[in-house]
Amino acid sequence: MAQLWGGRFTKDTNALFKELGDSIHFDHRLWREDIEGSRVHARMLGRQGILSEEETTRIEEGLDSIYHDIEAGKLSITTDVEDIHSFVEAELIRRIGDDGKRLHTGRSRNDQVALDMRLWTRNETDEIRHHLLHLEEVILGIMQENVTTYMPGFTHLQKAQPVTLAHHFGAYFEMFRRDITRLADTRKRMNESPLGAGALAGTTYPLDREYTAKELGFDRPCANSMDAVSDRDYLVEFLNDLALIQLHLSRLSEEIIIWNSDEYRFVELDDAYSTGSSIMPQKKNPDVAELIRGKTGRVYGDLMSLLTVMKGIPLAYDKDMQEDKEPAFDAADTVAGCIQLMAGMIESMKFNRDVMEASAKHGFTNATDAADYLVGKGIPFRDAHGIIGQLVLYCIKEKKSLDMLTLDEFHEFSPAFDRDVYDAISLRTCVEKRNTIGAPGKEAMRQEIEEAKNWLTEEIKR
Ligand code: ARG
């Protein structure tokens, strides 16, 4: 099929360049956005008297029929054309004849592709948001069921202080909540229409850019036509949002891999979300979590590609910008898949609550509380810290936990210890006394969950 711009050329395009330069192989997925944009453009041309009513109707009907035929699988997008814009226009002309040649009046592929990508990105922000909301529901469910599931909290991957599983997952709830609001920010800022910017300098036709912007669900037309065709900031922002989502998924994956190891056994993965080994029959590997962690590199790569593509391009459109699509598509597909897999994996995962609790008990996670206990008995914190430090050393030697010591043993380190020490350093007390905002105690957690639930319910309604 001939190119849209063949008029001034006397020779065919170099075959290898054509292969490398055509974007139809990947931009075919923009067919919905492309037809929708064209439909609104044609309607506007009709309203402005630039096209006659009959021409407008024929174009709109032609575009509708193409849309429905592709949707129904009756028309397949061929790859003998340069890009999706050329495909739709050629197909329109094939169907309705010369009127189809009027569609591109007052438009360039530069504002056309800019529009298509914005529409696509806007849809994708909604899609990713939808998956994240589901993930948040799953996380909230885990939180609600595990307010008294005690486990060690870690720093430096060393047992630090006891927390609960609800508290641990609450941290991820917050990360994904920020991701959801970040997507909303991106969506809001990008919601301006480039249509009508032309190649770069607008057009002499009396286009109604307000009308097309409104019809396509944008808040307003882009203010500057050169910026409209050359801006991909919104796409960088979107890929950055995706990179952060993936970062959060990756951290959770890493924890699941650790928790699923034989040394920890905090969780057991469902068979549907793990794999075996071809040689070692005993193995059940956390491949899904590993794959999500691995895919993170790829999503960061997509963001870096786009940033690098954009960094040296003079205004306005340059062909380099065609390279925005593959990284964007790849990142969106990858992240959408990973969010859904994560939701399925953690929803079906079994938590070994006893193992978690035993691990919290045996890691001196109550040492801070033991020191605080002595402070309550009038000993300065620095001295208390030293006394408990010596006690821990003694316990390690004796292979005991703090609560296993007799009162006599306690007294060898300080006379300030009393019978009430056992209650003060019990796992339960250590967690339940922590009730400042955001802490793991039951009361604080109840409030955190309540607030999270209300927020999520409102977000789902929006
Ligand atoms: N396939 C092109 C892209 O994705 C469409 C725009 C072409 N415009 C042009 N002036 N060559 O960027």
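No lab work stands behind these numbers, since they all come straight from the coordinates. None of the values given here were measured: they were computed from a predicted structure. All Cβ positions, glycine included, derive from the backbone under ideal geometry; neighbour counts span all protein chains shown.
By the rule of a C-alpha distance below 19 Å, with chain neighbours fewer than 8 residues away ignored, the lysines paired with Lys311 are Lys319, Lys325.
Extent of the range 55-163 along its three principal axes (Cα atoms, max minus min coordinate, largest first): 75, 28, 25 Å.
All other residues whose Cβ lies under 12 angstrom from that of Phe410 are scored, Lys and Arg at +1 and Asp and Glu at -1, for a net of -3. The alpha-carbon of Lys284 sits under 18 angstrom from the alpha-carbons of these lysines, leaving out residues fewer than 8 places away in its chain: Lys350. Relative to the current alpha-carbon distance between Lys433 and Ala272, full extension at 0.36 nm per residue lengthens the span by 54.0 nm. Listed by chain and number, the lysines whose alpha-carbon sits under 21 Å from that of Lys397, ignoring those within fewer than 8 places in the same chain, are Lys159, Lys361.
Of the residues Tyr172, Tyr205, the one with the fewest other Cβ atoms within 10 Å heads the list, and the complete ranking is Tyr205, Tyr172.
The spacing between the range 96-143 and the range 1-40, judged by their C-alpha centroids, is 20 Å.
Taking amide H as placed 1.01 Å from N in the peptide plane, the amide H of Gly153 sits under 5 Å from that of Ala160, Gln161, Val163, each at least 5 places away or on another chain. Annotation for the range 1-88: chymotrypsin sites (Phe, Trp or Tyr not before Pro) lying in DSSP loop with at most 12 further Cβ atoms inside 10 Å of their Cβ are Trp5, Phe9.
Please sort through the DSSP H helices of the chain and keep those with an alpha-carbon extent of at least 15 Å along the long axis and a Kyte-Doolittle average not below -0.5. Span-like helices here: 84-96, 233-259, 287-310, 325-348, 381-398.
Once you treat every alpha carbon in the chain as an equal point and sum by Debye, what is log10 I(q)/I(0) at q = 0.11 Å⁻¹? Values returned for q = 0.11 Å⁻¹ are -0.94. Each part reduced to its alpha carbon centroid, the range 326-373 and the range 289-305 end up 19 Å apart. Expressed per residue, the C-alpha convex hull volume of the range 285-376 stands at 195 Å³.
Counting other Cβ atoms within 10 Å as a rough exposure proxy, the listed residues Met175, Met117 run Met175, Met117 from fewest neighbours to most. In the chain, the DSSP-assigned H stretches of four residues or longer account for a calculated mean residue ellipticity at 222 nm of -20000 deg cm²/dmol, using -39500 (n - 2.57) per stretch and the full residue count as denominator. Summarising the overall dimensions of the range 230-319 from its C-alpha atoms, the Rg and Dmax are 18.8, 60 angstrom. Please compute P(r) over all alpha-carbon pairs of the range 115-229, binned at 5 Å starting from zero, and give each bin as a whole-number percent. Going from the shortest bin to the longest, the percentages are 2, 11, 15, 14, 11, 9, 8, 7, 6, 6, 6, 4, 2, 1.
Whole-percent P(r), the range 1-127, all Cα pairs, 5 Å bins from 0: 2, 10, 19, 22, 21, 14, 8, 3, 1, 0.
Of the residues Ala199, Asn146, Met226, the one whose Cα sits farthest towards the positive end of the charge dipole of the range 114-243 is Asn146 (charges of +1 on Lys and Arg Cβ, -1 on Asp and Glu Cβ, taken about the Cα centre).
In this structure, Arg382 and Asp262 have a Cβ-Cβ separation that, at R0 = 45 Å, corresponds to a calculated FRET efficiency of about 0.70. Residues Asp219, Asp179 in ascending order of nearby Cβ atoms (within 10 Å, fewest first): Asp219, Asp179.
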